[in-house]
Amino acid sequence: MQKLREEISNEYKWDLSVIYKDVSAFEDDIKKIEQSMNELKKYNDHMMESANTLYEFLELENNVARNLEKAYTYAHSHFDSDTSNSLYQDMNGKVENLYQKFEEIDSFKEPTLLKHNFSEIEAFYKENPKLKDYDIELKEIFRYKTHTLSEREEKLLSSLSKSLCSSSKTYEALTDTDLVHGDIVDENGEKIELTDSNYSKYIKSNDRRVRKDAFETLYKTYKNFENTITSTLTGDIEANTSIAKIRGYHSAMEASLFADNISLEVYNNLIKTVSDNLSSLFKYYDFKKQALGLSEMHLYDTYVSIVNEKPKEYTFEEAKELVMDALSVFGDEYINDLKQAFSQKWIDIYNNKGKRGGAYSGGCYDTYPYVLLNFEGTLNDVSTLAHELGHSMHSFYSRKNQSYQNSSYKIFVAEVASTVNELLLAKSMLKKTSDKSQKLIILNNLLDLFKATIYRQTMFAEFEKDIYDRHEKGEILTAKNLCDIYYALNKKYFGTSVVVDDEIRYEWERIPHFYYNFYVYKYATGLSAACYIVNNILAKVPQATEKYLRFLTLGGSMEPLEELKVAGVDMTSPDVIVSAIKMFDDILKEFKETYNS
């Protein structure tokens with residue numbers, strides 16, 4: 001039975017009192033933020049009047065944003081710790097409303113700036129050198145100038161934003177609420193309603209009949225809705241492509257990658273390099289087929305584990321020591337800084353009734369980089385601790401070394417530090433354990449990580465690129481076309497050792513990421529970059545550790561690809577992706593040797 005929040009000892013909860021001593025202090029700050037926010041309005045008509053006026057506005061805007069983020073961290077963290085608490089609900093609602101008001105008040109900033117040329121900003125730098133502190137932020141705004149429409153056109157496009165998102169909203173409503181998959185019979189002979197949520201459990205069942213039934217039942221439903229979901233996806237593709245053209249991009253992909261300033265070369269390099277190196281994945285399926293004792297391995301067999309040993313349970317103290325030990329390769333300064341996460345109570349450790357599920361790293365510039373966990377003692381929980389602390393230390397060093405406006409790193413590099421930590425933890429645990437079953441569990445988890453991230457996400461990225469390319473060339477995307485394209489990709493990525501069942505042609509219908517507009521490739525590039533960094537650190541390549549630690553301090557002070565180059569990673573090079581594939585190959589080799597020993 002879940003404990004109530006008040007039944008959890010304070011030593012296991014994050015310390016939010018360092019943000020505000022109590023709710024009253026929070027309420028006082030909310031009033032001050034509102035007052036400061038209203039002061040921004042007076043700059044609406046004359047923000048660009050002079051260098052001093054622009055500087056005053058940016059300083060005030062920064063002040064409002066920082067205090068608002070601080071209030072949000074306090075309210076949102078309390079709310080996530082107990083979503084049933086009415087006080088926390090009210091606090092969280094107040095801050096969210098305040099954010100909306102801030103966005104409305106501040107909405108004149110970019111249109112006003114983009115009426116001018118950047119040469120005027122550069123002239124302002126001479127009048128007020130302190131304005132140079134905002135150079136990166138201002139350059140980022142002006143980077144969009146050629147893709148920004150007239151004020152009237154921007155308002156028109158903004159007014160259509162909800163309509164343009166209607167396809168993805170319809171898809172969410174259909175798949176989250178309306179789809180009913182029917183029943184299957186589980187391993188114990190009990191009738192179970194199959195859902196998209198519990199499908200992941202039954203597709204991994206040791207009973208082949210159960211996983212086959214789950215597979216066929218799920219995709220039978222999606223087959224029945226292929227025309228409806230084709231309509232929602234093609235509607236989303238049409239909207240994204242149209243907006244990209246209206247804004248002067250060559251393609252929807254270019255428009256999407258523009259936000260992180262990522263070249264098409266990076267995306268295409270990922271697909272080509274993985275496609276050229278599928279042999280390691282095929283070896284994995286060959287071995288799995290043999291280990292499962294199957295004369296014929298189907299897609300519904302690929303998720304079942306060949307490791308049946310009982311997993312070890314870990315206390316949080318053990319997890320902490322394992323993580324600290326694994327990350328000791330970064331040196332004393334990093335470890336001493338990391339210790340603050342525990343001594344200063346950045347982490348909310350255990351589950352309680354009403355607590356938000358999952359895990360994340362949060363906080364803001366003026367708070368600790370807080371971590372929410374729901375620790376239950378599994379190996380995955382230990383890995384999650386390492387992962388989220390990777391995010392938090394990235395944030396800690398970025399905020400420590402950069403100004404507020406330059407401290408936030410882009411999404412493209414966000415998963416690098418967290419995945420570096422995960423890999424180092426696994427490598428460290430493997431090195432120190434002599435227990436065969438534990439070693440197999442760790443290795444198997446790593447194989448699953450690579451299979452799901454490097455290969456599966458790249459297959460998704462290739463599918464997304466293909467269907468957008470076809471649409472932009474004028475090809476009609478019918479349900480049959482989409483299913484045929486997706487089926488062919490599965491044949492390509494699973495090779496000859498796996499029977500690619502016909503039902504898989506409908507799997508694209510259940511992937512919500514295809515409505516995120518060229519997002520999935522970042523999972524694969526993030527893991528690849530992390531592998532390259534970890535390989536260099538463990539091989540003691542000169543300056544590898546120092547370069548990586550320098551990368552952690554950069555925040556948003558450089559473009560993502562340039563930041564990764566500081567860490568010694570060139571994402572335009574096939575070598576980075578190949579390093580991840582080689583690590584997968586090495587893990588598979590070690591797994592096979594351990595399994596057969």
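Read-outs: derived from the displayed coordinates by stated rules, not from any lab. Only a predicted model underlies this, so the values are computations on that prediction, with no experimental measurement involved. All Cβ positions, even for glycine, are placed from backbone atoms using ideal geometry, and neighbour counts span all protein chains on display.
Just a few scattered comments:
- Filtered residue count, segment 202-234, keeping only those that are among the polar types (S, T, N, Q), part of a loop (DSSP other than H, G, I, E, B) and within 29 Å of the chain's Cα centre (by Cα): 1
- Only one of the numbered conditions (1) more than 29 Å from Lys353 (Cα to Cα); (2) under 33 Å from the mean Cα position of the chain (by Cα) is violated by Tyr12, and that is (1).
- Scanning segment 209-223 for residues that are touching a helix residue (DSSP H, G or I) at 6+ places or on another chain (Cβ under 7 Å), basic (Lys, Arg) and surrounded by fewer than 21 Cβ atoms within 10 Å (Cβ to Cβ) yields Lys212, Lys223.
- Qualifying residue in segment 490-498 (condition: among the hydrophobic types (A, V, I, L, M, F, W, C), surrounded by fewer than 17 Cβ atoms within 10 Å (Cβ to Cβ) and either assigned to a helix (DSSP H, G or I) or over 28 Å from the mean Cα position of the chain (by Cα) (or both)): no
- For segment 113-147, filtered to residues that are polar (S, T, N, Q) and in contact with a helix residue (DSSP H, G or I) (Cβ under 9 Å, 6 or more places away or on another chain), the residue that is surrounded by the fewest Cβ atoms within 10 Å (Cβ to Cβ) is Asn117.
- Flag if Leu561 is over 30 Å from Cys483 (Cβ atoms), out of contact with any Phe, Trp or Tyr (no Cβ under 9 Å at 6 or more places or on another chain) and either in contact (Cβ under 8 Å) with a residue 12 or more places away in the chain or small (Gly, Ala, Ser) (or both): no
- Within segment 164-191, considering residues that are part of a helix (DSSP H, G or I) and free of Cβ contacts under 8 Å to residues at least 12 places away in the same chain, the one nearest to Ala244 (Cα to Cα): Lys169
- Residue in segment 505-526 that is on the phi < 0 side of the Ramachandran plot, in a helix (DSSP H, G or I), free of Cβ contacts under 8 Å to residues at least 24 places away in the same chain and surrounded by fewer than 20 Cβ atoms within 10 Å (Cβ to Cβ) present: no
- From the options Asp348, Asp325, residue that is surrounded by 15 or more Cβ atoms within 10 Å (Cβ to Cβ), within 24 Å of Ala539 (Cα to Cα) and in contact with a Ser or Thr (Cβ under 8 Å, 6 or more places away or on another chain): Asp325
- Per-region count, segment 266-283, residues more than 20 Å from Tyr303 (Cβ to Cβ) and charged (D, E, K, R): 2
- Only one entry in Lys272, Lys245, Lys289 is free of Cβ contacts under 8 Å to residues at least 24 places away in the same chain and among the charged types (D, E, K, R), namely Lys245.
- No other residue among Tyr532, Tyr548 is free of Cβ contacts under 8 Å to residues at least 60 places away in the same chain, hydroxyl-bearing (Ser, Thr, Tyr), farther than 27 Å from Ser305 by Cβ and assigned to a helix (DSSP H, G or I) apart from Tyr532.
- Being of a type outside the set (A, V, I, L, M) and assigned to a helix (DSSP H, G or I) is a property that Asn261 lacks.
- If the condition is being under 24 Å from the mean Cα position of the chain (by Cα), assigned to a loop (DSSP other than H, G, I, E, B) and closer than 24 Å to Ala530 by Cβ, then segment 327-367 contributes Trp346, Gly358, Ala359, Gly362, Gly363.
- Complete set of residues in segment 176-208 that are crowded, with 18+ Cβ neighbours inside 10 Å and either among the basic types (Lys, Arg) or touching a Gly at 6+ places or on another chain (Cβ under 8 Å) (or both): Leu194
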